[in-house]
Each structure stands twice: as C-alpha cells, then as structure tokens.
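Novice: I'd like to ask you about the structure that follows.
The values are calculated or read from the model by the stated rules, or taken from the named source; none is laboratory data. Predicted model only: the values in this text are computed from it and were never measured. Neighbour counts run over all protein chains shown; Cβ positions are idealised from the backbone, glycine included. Side chains are part of the model used for accessible areas, which takes the heavy atoms of the whole protein and leaves out ligands, DNA and RNA. Shrake-Rupley method; radii C 1.70, N 1.55, O 1.52, S 1.80 Å.
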Amino acid sequence: MAERDTKPRVLRSGIAGAVLAGLLAGCSQAPAYHPPAVALPAQFSENAGPWAPAAPARADIDARWWHSLGDAQLDALEDRLLADNPDLAAALARHQAAVALLVQARADTMPQVSAGAQLTSNRQSDDRPLRGSGQPDEYGAHTLSGTASFELDLWGRVRDSVRAARADAQAAADDAAAARLALTADLASTYIALRGADAEIAILTDAVDAYGKADAVTRHRFDEGVASGIDVGRADAQLADAQAQLADERANRAVLAHAVEALAGAPAGTMDLADHGVALALLPAPAMVPSVLLQRRPDIAAAERRMYAANRAIGVAKAALYPQIGLGATGGVQST
C-alpha cells in the first residue's frame, strides 16, 4: 500500500490554526496611547542651572513623616485621622469600588457558566386522553441543565474594558493617596498653628500681667501727683490693647482646636488639646528640590491614569460598531 503524503494537510492545518489564533487574539480599536508631551527649552532664561528631562521614579518616603516632629500627641491625632476621617474613608471606598469594577471587567475574559435545576412532582388525571394503562398516577420530572458561553474578543472590546478599569482603579488609588497626604499635612500644619497660638497666648498673658502692674504703678504715681493724666491714659491704652490681643488669640486658638478635632474625626470640644510643653522638632528644608518631586504627586499620577482610561474607552466605543461573536453550549438531563 502506497504511503500518503500528509504534508499538505499539515500545512493547511497550521495555516488554519494561525488564522484562528489571529482571530481569537483580535485587535484593539483604541488609538495608540502617548503621554502628553510638552516642548521645553534646554534651560530657562531666569536660571542658567542644569535642566534634565524628568523620568518616573518612586522614592522610599516614610508614610508617617510627622513622626519626625517628635510630638506624641500629634502622632496620636494622625493615627486617629487615618482611622476616623470621613473624607479619607470616602476616598478609600471609591478605590474599593474601582477595584470591584476591575474584577467585574476581568470576568468578561472568562467563559460564563450557569446551571439550573427544576424538581417537579406531577399527577395525571384518569380521564387524560390517550393515557396508557401502565402509566403511573403520580410521577416526578426532574431536570438539570447547564449553559456555557464565551465571547470571542475579536475587536478588543473586553481587553480595552479591562485596561480602562485597571487605569481607573490606579487613579482611584492615587486619589486616596492624595487625600491621605493632604489631610495629614493639613492636620500637622493646623496642629503646629495651635501650638503657636499656645505660645502666643503665654506671651500675651505675661504682657497683660506686666501692663497691669505698670498701670497700677502709674495710677499710684498719679495719685501722688508725680504722673500726669496723659501717663495714666497711655498706661490704660497699653493694657487694653494687650487684653484685646489676648482675647483675639484665645478665639483663634479655639478655632484651630476645633479644626484639629474635625480633621481627627471627633466632635468639637471633646478632645484634650492642652499644651504639654513639648517643643516640636524642625524638619530639614533644603533650599532647592529636584523636579522629579512633581512625579511623586499622586494627583498628577491620577490625571495621567484617567487619560489612559479615556483612551481605552475609545476602543470600547469603536468595538460597539462591530458584531459580538461568541461560542455557546447548552446541555442537561431529565429524569425518565
């Protein structure tokens, strides 16, 4: 028996498999994404210093940077903010919602499988037409069924949906990081202003005490005929001015204290924010900072991720112009 040549068949099978793989791989309808580019000069006229294009970088930064201030009360307030602040909780909830949408989008890349069951008990009448003599009066009819379907992502709709959802989740994470940074910095600056108000109140209290003593001395001198009425009026004015400044600073401290409590997620007037005499450490502030610090801003990163998500959404919209093609199968069994 002559041996048959199987090479043409193998070649045809290989070509068919390659074509099928290409169809299954599909292609995205979204335009090529390029981050926005701005033409910048090599150096600016205001400064002859060296300039270099920024590159994405992630430095290891202490997330709890306020510990460097050396105030245990501030540390406790920041911890309470991270646990109880409603604005931060809302940002974290939005991130969780974006992650859930990403999981939902990824589910479309997998086959969709469903199953069903129907259990019935039936009774047929003796007067049923064409009823056989051997048929039972009561019988069960149990059905088990299953369905599987899979969309052939020929136009990239599903993959672009996943990419857009992933970018949205990353943007939501950056939003949460931006909210965390803004709130912790706001609390730290407000707390520092509160401690400054305490120091100012201490100074003004001493000033009021000193001006009060000076006013008493001036009045005594006036009673003895040594000082004039102008001296008494000037001493009274100095005392009244110091007292007014002290009252204003105490009102300002109350506002700052309520702001600290609100940031920490506590009702106004429920926290002990008395000055415990702890001197805050000074954070080192360099005279110049590198331009790559802009790349660490989470709000800028979130804006870029939303641009990418919008780009992928273009592919999803264009893919809607084409038919959706899928594979499906349904089967089941039924009791006799």
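Novice: Of (1) closer than 20 Å to residue 195 by Cα; (2) open to solvent by less than 80 Å² (accessible area, probe 1.4 Å), residue 228 satisfies all except one. Which?
Specialist: (1)
Novice: Quick check: is even one residue across the stretch 136-156 surrounded by 18 or more Cβ atoms within 10 Å (Cβ to Cβ) and under 23 Å from the mean Cα position of the chain (by Cα)?
Specialist: No - not one qualifying residue is present in the stretch 136-156.
Novice: Let me ask something else. So if I check each of 273, 263, 256, 293, which one is within 29 Å of residue 90 (Cβ to Cβ), out of contact with any Leu (no Cβ under 8 Å at 6 or more places or on another chain) and not acidic (Asp, Glu)?
Specialist: Only one candidate passes the filter, namely 293.
Novice: Another question, if that's okay. Checking the structure you have, find out if any residue of the stretch 147-161 is under 21 Å from residue 104 (Cα atoms), out of contact with any Cys (no Cβ under 6 Å at 6 or more places or on another chain) and among the aromatic types (Phe, Trp, Tyr). Outline the logic, then answer.
Specialist: We begin by selecting, within the stretch 147-161, every residue under 21 Å from residue 104 (Cα atoms); these are 147-161.
Those left that are additionally out of contact with any Cys (no Cβ under 6 Å at 6 or more places or on another chain): 147-155, 157-161.
This time we only want the ones that are among the aromatic types (Phe, Trp, Tyr), so: 150, 155.
Within the stretch 147-161 (the criterion being under 21 Å from residue 104 (Cα atoms), out of contact with any Cys (no Cβ under 6 Å at 6 or more places or on another chain) and among the aromatic types (Phe, Trp, Tyr)), the answer is yes, since at least one residue qualifies.
Novice: Does residue 113 meet the test of being touching a strand residue (DSSP E or B) at 6+ places or on another chain (Cβ under 9 Å), under 30 Å from residue 313 (Cβ atoms) and open to solvent by less than 40 Å² (accessible area, probe 1.4 Å)?
Specialist: The answer is no for residue 113.
Novice: Return yes or no: is residue 130 at pLDDT below 90 and either open to solvent by 100 Å² or more (accessible area, probe 1.4 Å) or touching a strand residue (DSSP E or B) at 6+ places or on another chain (Cβ under 6 Å) (or both)?
Specialist: Yes.
Novice: For the stretch 297-318, name all the residues that are within 30 Å of residue 27 (Cβ to Cβ), open to solvent by less than 70 Å² (accessible area, probe 1.4 Å) and not aliphatic (A, V, I, L, M).
Specialist: Those that are within 30 Å of residue 27 (Cβ to Cβ), open to solvent by less than 70 Å² (accessible area, probe 1.4 Å) and not aliphatic (A, V, I, L, M): 304, 305, 308, 311, 312, 315.
Novice: Identify, from the list 273, 294, 321, 282, the residue that is in contact with a helix residue (DSSP H, G or I) (Cβ under 9 Å, 6 or more places away or on another chain), exposed (fewer than 13 other Cβ atoms within 10 Å of the Cβ) and part of a loop (DSSP other than H, G, I, E, B).
Specialist: So the residue among 273, 294, 321, 282 that is in contact with a helix residue (DSSP H, G or I) (Cβ under 9 Å, 6 or more places away or on another chain), exposed (fewer than 13 other Cβ atoms within 10 Å of the Cβ) and part of a loop (DSSP other than H, G, I, E, B) is 282.
Novice: Please find, within the stretch 70-81, the residue that is nearest to the chain's Cα centre (by Cα) out of those that are surrounded by fewer than 17 Cβ atoms within 10 Å (Cβ to Cβ) and among the aliphatic types (A, V, I, L, M).
Specialist: Going through the qualifying residues, I end up with 76.
Novice: Please work out which one of (1) of a type in the set (Asp, Glu); (2) touching a Ser or Thr at 6+ places or on another chain (Cβ under 6 Å); (3) modelled with pLDDT under 90 is the condition residue 160 fails and give its number.
Specialist: (3)
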